[in-house]
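What follows is a short report on a single structure.
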Amino acid sequence: MVHTGGTEHTASTAFPPPQESDRGAPSNPDVVRPLIHEWTTATSSTNQRLADLLEAGEQIPDFAVIGTDHQTAGRGRLDRTWSVPAGAALTCSLPVRIPAGTPQESLGWLPIVTGLAVRAALAEAGVAAQLKWPNDVLVDGRKICGILARVVAVDGGLSVVIGTGINLTLTEDDFRAGGVPDGRATSVLLESGDTDRDRLLASLVAHLRDRVTSLLEHGPAGALADEARQAMVTLGSAVRVHLPGDRQLTGTAVRLDSSAGLVVLPDGAAGPQDEVTVSAGDVVHVRPA
């Protein structure tokens with residue numbers, strides 16, 4: 001997806017209602033149809049739209065899709081806004097109720113587990129991807145998907161809104177037009193993958209259901225944690241972590257803790273006793289000189 005700087009965005013509540021002319025997804029009759037609660041030609045933010053619907057009391061099943069052909073004012077981490085050309089990305093959000101008593105540490109794994117689902121769906125589309133902590137999916141260092149999860153209060157309980165934006169048919173010219181430097185982003189099209197949106201959406205929802213359900217029922221230990229460690233290109237890499245207050249931490253990312261925080265061994269540290277755990281921040285991989 002294309003990231004752009006700018007002032008803080010306040011999502012509009014005047015979302016366009018679905019119309020018969022909306023393209024909808026999926027349309028391929030050979031693909032098992034996931035449950036589409038709403039799909040529009042344009043929406044400011046699928047995450048905000050879904051949160052508004054849930055907070056208004058609308059009953060939306062777990063893993064039902066709120067999607068759009070054109071997200072006009074999406075919001076990423078640290079209140080960054082981003083947009084893509086119409087029809088060039090798979091942009092959608094899904095709700096999942098959080099069972100009472102779910103350990104807090106499991107919630108920290110939701111962006112990671114979502115990344116694993118995206119990675120599995122991309123693999124089925126012929127694109128090999130890796131994860132960057134905490135919420136990006138990369139192909140050889142180039143961003144192909146961003147993830148944003150947020151918790152909302154619903155009917156006395158909590159639900160998580162999981163949003164993904166997968167670069168589907170963006171071209172190099174599209175990225176340049178969005179101000180993305182060459183070599184920083186890619187798409188399924190540029191990686192010669194299968195760009196059928198229907199198949200990719202169906203695969204994504206299926207993998208999300210499997211992994212998120214496993215996380216909430218059994219926690220991250222075991223197979224999910226092993227899969228995350230194998231997929232996480234950040235681990236073992238030199239990193240520069242941008243922290244709140246304009247602080248920076250440089251060092252080596254060594255592991256994920258029980259809440260999916262990133263454990264960093266700072267440059268010049270004497271040993272493991274000096275490790276720092278980062279639970280919020282923006283990680284930038286440091287490339288060799």
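Output the Cα-based Rg and Dmax of the range 238-285 in Å, rounding Rg to one decimal and Dmax to a whole number.
10.0, 26
In deg cm²/dmol and to the nearest 500, what is the mean residue ellipticity at 222 nm of the chain if only DSSP H runs of at least 4 residues count, each as -39500 (n - 2.57), divided by the residue total? Spell out each step's value before the answer.
On the way: 6 runs with 66 residues, N = 289.
-7000 deg cm²/dmol, from helical runs alone.
Tell me the Kirkwood radius of the range 34-178: reciprocal of the mean inverse pair distance over distinct alpha-carbon atoms, in Å.
For the range 34-178, inverting the mean 1/r across all distinct Cα pairs yields 15.7 Å.
Rounded to the nearest 0.05, what FRET efficiency do Glu275 and Gln104 give with R0 = 25 Å and r taken as the Cβ-Cβ distance? Could you check?
About 0.75, to the nearest 0.05.
P(r) tail for the range 196-289, what percent of Cα pairs lie past 23 Å?
40
How long are the semi-axes of the equivalent ellipsoid of the chain, taking √(5λ) for every eigenvalue λ of the Cα gyration tensor, in whole Å from largest down?
Values: eigenvalues 174, 100, 69 Å².
Calculated on Cα positions only, the semi-axes equal 29, 22, 19 Å.
Long-range amide H contacts for Arg255: which residues qualify at under 5 Å (H placed 1.01 Å from N, peptide plane, sequence gap of 5 or more or a different chain)?
Val263
Here, each number is a calculation from the coordinates, and none is a lab measurement. Computed from a prediction, not measured in an experiment: that's the story for all the values here. For neighbour counting, all protein chains shown are included, and Cβ atoms are generated from backbone atoms with ideal geometry for every residue, glycine included.
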